[in-house]
Amino acid sequence: MDFLNSIIVQPFADMIGAPDFLLQVLWEGLVSGVLYALIALGFVLIFKSSRIFNFAQGIMVVFAALTLVGLYEHGVPALLALPLTLLVMLILAIAVERVVLRPLVNQPDIILFMATIGVTLFLIGLGEIIFGGENKVMITEQLYIPTGSFEFEPFGGFLLIEQKDVTAVIGAVLLVIALLVFLNKSKIGRAIRALGDDHQAALSVGISLSTIWVIVWFIAGIIALATGIVWGARAGVSFALEVIAYKALPVLMLGGLESVTGAIIGGLAIGILEKLFEIYWGQPLLGGNTEAWFAYVLALIVLLFRPQGLFGEKIIERV
């Protein structure tokens, strides 16, 4: 009876008893969820346009952040280092398309997936050679990202919101809106969507596969840089960020590998739910550290009932 009480009753009693702390937990989960959604969008865009699951998206976050910090450490002003890093990500996108993807056109999906693992290992080695393996500090203040905090007293309690987290959420929302407008309103965006819907039909009307691949990998690079800046400001810049980036995998399983909407909603849901579970169930009952596995368990449960994810298209095979 006590066990059932600790699972069903006590967590919700704690939420009601300390609503200000609940707001703090929800805010922290929202910030994490926004970042998960951003990373997941990089996976979704590349998969929709090329049917390639980009295993390298995680290391792209690390490489973009390291490039930005590395340029600054070598004397490049922060506001100049930012567009130069974007240029590096564009060069990377062109190189991946020319050297890796173009020679593997029409190869089985598993070959293309293995190729992205090769890109991952290459970027890890290149990053260690150029930037070293030690942790670095994100140039938050140099990029004019505020580092203060807001303090509130909701319900007579206390709520602390860091300004860099507010900046991260606002920046992520603006980036997602810009991306959605680009995909739905621009000619190139419609070409990307057409390629995702039907490769053969898109190619038959003159859409260039190589050009679209470069564009979506560059967009994924932009997303990687934005994510790297925000995560770097919160946890420092190191190769450990790659592990954080792979939290997008359960987001994709939950939302669907081809759904932009699923990536956004799935990211927010996992960010908030894993934080709630960690605080109100994980720490009291399991000793904490449930954030490392909760998202994967949740995604697995969803896949048991809906293999294509909540927002993925159901596959119907006729025989």
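The values are calculated or read from the model by the stated rules, or taken from the named source; none is laboratory data. Quick caveat: nothing in here was measured; it's all calculated off a predicted structure. Neighbour counts run over all protein chains shown; Cβ positions are idealised from the backbone, glycine included. Side chains are part of the model used for accessible areas, which takes the heavy atoms of the whole protein and leaves out ligands, DNA and RNA. Shrake-Rupley method; radii C 1.70, N 1.55, O 1.52, S 1.80 Å.
Quick notes on this structure:
- GNM flexibility winner over the chain from Gly309, Gly17, Gly171 (Cα, springs under 10 Å): Gly17
- Listed residues Gly58, Gly287, Gly118, most fluctuating in the chain (Gaussian network, C-alpha, under 10 Å): Gly287
- Ordered by 1.4 Å accessible area with all protein chains kept, Leu126, Leu87 run largest first as Leu87, Leu126.
- For the range 154-196, projected area of the alpha-carbon convex hull averaged over all directions, nm²: 4.6
- Rounded to 10°, Cα long-axis angle of helix 260-277 versus longest principal axis of the chain: 30
- Here's the list of lysines a cross-link from Lys187 could span, going by alpha-carbon distance under 29 Å and ignoring same-chain residues fewer than 8 apart: Lys48, Lys314.
- Toward the positive end of the charge dipole of the range 2-305, with +1 on the Cβ of Lys and Arg and -1 on the Cβ of Asp and Glu, the farthest Cα among Leu30, Phe43, Ser186 is that of Ser186.
- Computed E for Val99/Glu128 - FRET, C-beta separation, R0 22 angstrom, nearest 0.05: 0.65
- Rolling a 1.4 Å probe over the heavy atoms of the protein chains gives the range 2-305 an accessible area of 46 Å² per residue.
- Compactness of the range 208-319 was expressed as the Cα radius of gyration divided by 2.2 N^0.38 Å, which yields 1.26.
- Set of lysines near Lys164 by C-alpha distance (under 22 Å), chain-local residues within fewer than 8 positions excluded: Lys136, Lys247, Lys275
- Highest-first arrangement of 233-244, 258-269, where packing means the average Cβ count within 10 Å: 258-269, 233-244
- Net charge over other residues, Cβ less than 14 angstrom from the Cβ of Ser149 (K, R count +1; D, E count -1): -3
- Surface share of carbon and sulfur [accessible, 1.4 angstrom probe, percent] for the chain: 68
- Counting only Cβ charges, +1 for Lys and Arg and -1 for Asp and Glu, the dipole size of the chain around its Cα centre is about 1280 debye.
- At full extension, Asp2 and Arg190 could sit 62.0 nm farther apart than now, given 0.36 nm per residue minus the alpha carbon distance.
- Put Phe113, Phe12 in order of accessible area, highest first, and with a 1.4 Å probe you get Phe12, Phe113.
- Positive-pole candidate from Ala269, Gly232, Ile111, dipole of the chain, charges at beta carbon: Ile111
- Largest to smallest principal axis extent of the C-alpha atoms in the chain, angstrom: 63, 63, 36
- Site pair Ile301 and Phe152 shows an inter-label distance of 2.9 nm when each label is modelled 7 Å from Cα along Cα→Cβ.
- Mean-square fluctuations from a GNM of the chain, with a 10 angstrom spring cutoff on Cα atoms, peak among Lys48, Lys247, Lys185 at Lys185.
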